[in-house]
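The values are calculated or read from the model by the stated rules, or taken from the named source; none is laboratory data. Remember, predicted model here, so these are calculated numbers, not experimental data. Don't worry about glycine lacking a Cβ; one is built from the backbone with ideal geometry, like all the others, and counts go over all protein chains shown. Surface areas here come from the heavy atoms of the whole protein model, side chains and all, with no ligands, DNA or RNA. Shrake-Rupley method; radii C 1.70, N 1.55, O 1.52, S 1.80 Å.
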Amino acid sequence: MRGNDRKQNRQQNRKQKGLSLGEIRDIAAAFPRAAVTGPAAARLMGLPTLEWVEAVDLRYLSGAKPGKQPKDPRVVYRSGSFRKDLVEEHNGVLTVHPIQVFFDIYRYYGRLDALVPMEHLRYYRKVSQEALLYWARSMLPRANGIRGFEGVVGWSAGTSQSALETIGRDAVLRAEIPEAHTFEFQVEVVFEDIFAQQRFASVDMMINGWLAVEFDGRIKSDGTYGDGVKVLLDQLDRQHEIQALGFSVVRAGWRDVVSGKLVRDLRRLLRAQPRAA
């Protein structure tokens, strides 16, 4: 699913749980002569996906072309050559190499779907853009879509800590806002709290050196980082301190990014408060 159809159904899809890690393993176990690729493989590797995983993509280890698709709607065979010597094991399941996983996600699901696990790998496992490009050029077949995929690798960043930050960064940069001259990510800001103690905050995105953007995913208030109310109050306190230093702060959630509201808000603020970059 692509384009407007994806946007219209994204919220509905997020209400569904998709396949659990255990279900992915069980499905893969029924196909011992195949390796998992696509979003299911990303999950097995501990990488996030943009959408819930609804099917397990498989590639025959023999390289044979798949005949009829299996009757199980949760299984999809993918054809095409791949490096069998690069097959790995994750969570007790055979998968293709991460670069093949990203390429297959890009071809069959979309560029944003590929960017989300790719940028997670880059940030949390310190994989450079140069390493990804080397993998792409040395490990992937020269198949349809390879040039576009290499462009996605070149576009990827090593600063996104969440799927929301990935799609937020992508939306803002692709909007090409004329008034936005400089972009910085994970910018450290130093301030004093109410007890005059020096504290440090990492701002997700800084535009023109004064407009701070914070991406607020559900994970920040769902208890993952402690009591949700305390986390929210700490965030608001930090925001007030950052604003006291002269920065403007915009907070954005999933709906703000996907609907385009974030980009509209940034355009409005940058036009209303022009400052030197």
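Scanning the stretch 178-193 for residues that are assigned to a loop (DSSP other than H, G, I, E, B) and in contact with a helix residue (DSSP H, G or I) (Cβ under 9 Å, 6 or more places away or on another chain), which turns out farthest from residue 241 (Cα to Cα)? Looking at the filtered set, the residue picked out is 178. Exactly one residue out of 136, 143, 131, 175 is of a type in the set (A, V, I, L, M) and open to solvent by less than 20 Å² (accessible area, probe 1.4 Å), and it is 136. Considering 81, 128, the condition of being hydroxyl-bearing (Ser, Thr, Tyr), farther than 21 Å from residue 51 by Cα and modelled with pLDDT under 95 is satisfied by 81 alone. Taking the listed residues 231, 263, the one that is of a type outside the set (D, E, K, R), modelled with pLDDT of 75 or more and under 16 Å from residue 164 (Cβ atoms) is 263, with no other qualifying. The listed residues are 175, 180, 171, and the only one of them that is small (Gly, Ala, Ser) and touching a strand residue (DSSP E or B) at 6+ places or on another chain (Cβ under 6 Å) turns out to be 180.
Residues in the stretch 42-53 that are outside any loop (DSSP other than H, G, I, E, B), under 15 Å from the mean Cα position of the chain (by Cα) and either surrounded by fewer than 21 Cβ atoms within 10 Å (Cβ to Cβ) or touching a residue at least 40 places away in the same chain (Cβ under 8 Å) (or both): 42 alone.
Only one of the numbered conditions (1) assigned to a helix (DSSP H, G or I); (2) open to solvent by 30 Å² or more (accessible area, probe 1.4 Å) is not met by residue 32, and that is (1).
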